Amino acid sequence: MNIELTAKEYRRLLDLAYIGNWILNSTREDDRIADYDQIESKLFALAAKAGMPGLSEVWNGEVVPSRAFSEGGIHEAIMDYEDSVFFEILAEELARRDMEYEPISDDNYDELCTRMDQYISEFQAHGTDNLLVESPDF
């Protein structure tokens with residue numbers, strides 16, 4: 001299979017591959033999904049040929065994204081995503097708790113959304129500053 005990409009499209013593909021592999025493998029420690037590491041390596045190995053040699057390097061015999069790439073702002077995009085997902089999940093969990101974990105149905109879906117929107121508004125204004133969690137007894 002051959003795919004023709006402009007330099008800009010290839011660069012965006014590297015971002016997508018890195019972000020995808022980060023999401024799939026960054027928390028897996030020794031249980032990484034090797035197929036994704038291999039595809040990422042294959043894509044980054046083409047960087048030099050594409051006129052972007054600074055985006056990859058060899059580490060332990062494998063082509064990996066370079067330090068310059070990984071420290072070049074890509075993690076800010078990942079962090080924005082993680083923050084968004086964190087606050088959305090937290091808003092839903094708090095809203096469901098407020099609704100005493102009733103099964104969601106057509107009858108209470110709007111209430112769930114309204115409660116979630118209120119929590120999201122609070123998080124956008126104050127982050128987690130106003131959250132209070134009682135310390136468990138250790």
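Number of residues in the range 39-94 that are touching a residue at least 40 places away in the same chain (Cβ under 8 Å) and on the phi > 0 side of the Ramachandran plot: the value is 1.
So, ALA34, is that one of a type outside the set (Val, Ile, Thr), surrounded by fewer than 11 Cβ atoms within 10 Å (Cβ to Cβ) and without any contact (Cβ under 8 Å) to a residue 60 or more places away in the chain or not? In short, yes.
Residue-by-condition table, conditions (1) under 30 Å from ASP15 (Cα atoms); (2) among the hydroxyl-bearing types (Ser, Thr, Tyr):
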| site | (1), (2) |
| --- | --- |
| SER66 | yes, yes |
| MET79 | yes, no |
| GLU92 | yes, no |
| ARG97 | no, no |
| ASP129 | no, no |
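Consider the range 95-109. How many of its residues are hydrophobic (A, V, I, L, M, F, W, C) and either exposed (fewer than 13 other Cβ atoms within 10 Å of the Cβ) or touching a residue at least 12 places away in the same chain (Cβ under 8 Å) (or both)? Total satisfying the criteria: 2. Among the residues of the range 76-108, those identified as closer than 22 Å to GLN124 by Cβ and among the aromatic types (Phe, Trp, Tyr) are TYR81, PHE86, PHE87.
Values quoted throughout were computed directly from the atomic coordinates according to the rules given, and no laboratory measurement underlies them. Computed from a prediction, not measured in an experiment: that's the story for all the values here. Ideal geometry is used to build each Cβ from the backbone, glycine not excepted, and the neighbour counts take in all protein chains shown.
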